[in-house]
């Protein structure tokens, strides 16, 4: 009759062991199935570069937490957009942003870009043509407008310099893509762009916008002072010589006076062509865009579009400029959206757009519309930044640090194993098996998190894993000592295992709760690498609870049924004589307990 009662106390330890076995095997199988067999390494282990950006502004009050947090979000999106998936961007102090970029294919490009002030501008297009390709003869059907010079107006002159000769068919096909998108209360594709984009005059230099070209957007005031002939000639020569297919020439030409014309490049992925532009002065700043989102229009059949909203300043400047652009011929009726000196879109304008909202429509795919909306939403940094420090960690140094961390962890593991075997003997094998299970779970989960959410294992995270060895071993010790206490009191092993568990369980849960709470608080209030330590510590603490409940306790319950442990073999670690058990209590358990002994 003791057997059913004992089994009821034991529960079904085999089920718990089977469950954790299935979970462990499943995680390992998923790890190998997704080819994520190793955790991703952070900068300090795999090598990379840390860039410190210091905010600058003419208005000291502009350097505040809100603007810094906005800049962090923008920089994070920009760096990730370059294919760097493990970059870390966080604020430090009141004026600094730390950007950690791991080694990768676009590392140097990311380092170069991250320090640039991401300025987003709306500029009128003066002229445009394919770059780095030989001019072709125009399509006869487009002869009525190809090569024609647009009439000058208050917006921007469409006359092009001699270097802007009409690119004919190449330009025509371009208009069906980027230039083939329109701005009306929406921006739309220009039906005449195929014939006139890149049109040139008889050799005059790119003309300057005479109004509404300044960032203020005032129609009545000139955006820029008249450009001297020498400056005009220099711009014409630079445009004629510009080859956007040459990476060395794809510079940010927008860093000079924003009220003056500037050059720009743009890549049309659909055609595989680079285009070069002469743009007028800045008409609207990207910081005046309050909202941009990609939407799908089912009602009119326009497909994917990008909705724009401007603040009061941007609304007025946008209305003044579109009023003038709407009177021009292509390409002078186009509005270029410029980020970091590159034209990301140049829709045409067919009407004056008022009300502070607009729509860019055309031959957008879903990805193109979302990409453009992201540029408009996150392209403009609220502050200027300078690189105050750039620190590079070589992969060799990182591998040495990783080796040192692994050696430290191995030493800690060996010491725990040695202590368990010497002090607990047979029970020490249980603790070793528990550590192995915990290590497998930790490794597989970290590997999967690296592939799934980009979790990178840095040196502090390795330290957190080493600390976890002690936490797991401590849980074993608590339970083992409770069992040994019961044996010292004269209890049989199976009864001792069951009576020891409730008290040990409370102690383990309280201890692990304190550790997890510390890890959670540290994760929430810290930044950067310290979060790696906190995350690993919290993860391994949770795994400690899982291992104790689903592995250690059920395994000991099964071992207590074996003769080796139940008989108190000297090498079991539960020898009553070695533990100093009380003989009277042991003998009293063999007598019927009909009366209470005092």
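In table form, for the structure just shown:
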item	result
Residue within segment 493-513 that is under 31 Å from the mean Cα position of the chain (by Cα) and surrounded by fewer than 18 Cβ atoms within 10 Å (Cβ to Cβ) present	yes
Unique residue being modelled with pLDDT of 80 or more, touching a helix residue (DSSP H, G or I) at 6+ places or on another chain (Cβ under 9 Å) and within 30 Å of residue 294 (Cα to Cα) when the list is 360, 432	360
Selection status of residue 271, crowded, with 21+ Cβ neighbours inside 10 Å and farther than 26 Å from residue 71 by Cβ	no
Checking residue 251 against (1) outside any loop (DSSP other than H, G, I, E, B); (2) over 25 Å from residue 369 (Cβ atoms); (3) under 28 Å from the mean Cα position of the chain (by Cα), the condition it does not meet	(1)
Identity of the residue in segment 553-584, in a helix (DSSP H, G or I) and more than 18 Å from residue 495 (Cβ to Cβ), that ends up nearest to the chain's Cα centre (by Cα)	578
Test for residue 397: is it over 24 Å from the mean Cα position of the chain (by Cα), over 24 Å from residue 531 (Cα atoms) and either at pLDDT below 85 or in the same structural domain as residue 542 (by TED's automatic domain parsing) (or both)	no
Residue match in segment 299-309 (condition: in contact with a helix residue (DSSP H, G or I) (Cβ under 6 Å, 6 or more places away or on another chain) and part of a loop (DSSP other than H, G, I, E, B))	no
Matching residues in segment 319-351 - criterion: being part of a loop (DSSP other than H, G, I, E, B), at pLDDT 85 or above and within 18 Å of residue 288 (Cβ to Cβ)	347
Qualifying residue in segment 276-295 (condition: surrounded by fewer than 20 Cβ atoms within 10 Å (Cβ to Cβ), in a loop (DSSP other than H, G, I, E, B) and in contact with a helix residue (DSSP H, G or I) (Cβ under 9 Å, 6 or more places away or on another chain))	no
Qualifying residue in segment 535-552 (condition: free of Cβ contacts under 8 Å to residues at least 12 places away in the same chain and more than 25 Å from residue 408 (Cα to Cα))	no
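The values are calculated or read from the model by the stated rules, or taken from the named source; none is laboratory data. Computed from a predicted structure; not experimentally measured. Every residue, glycine as well, gets a Cβ built from its backbone with ideal geometry; the counts of neighbours run over all protein chains shown.
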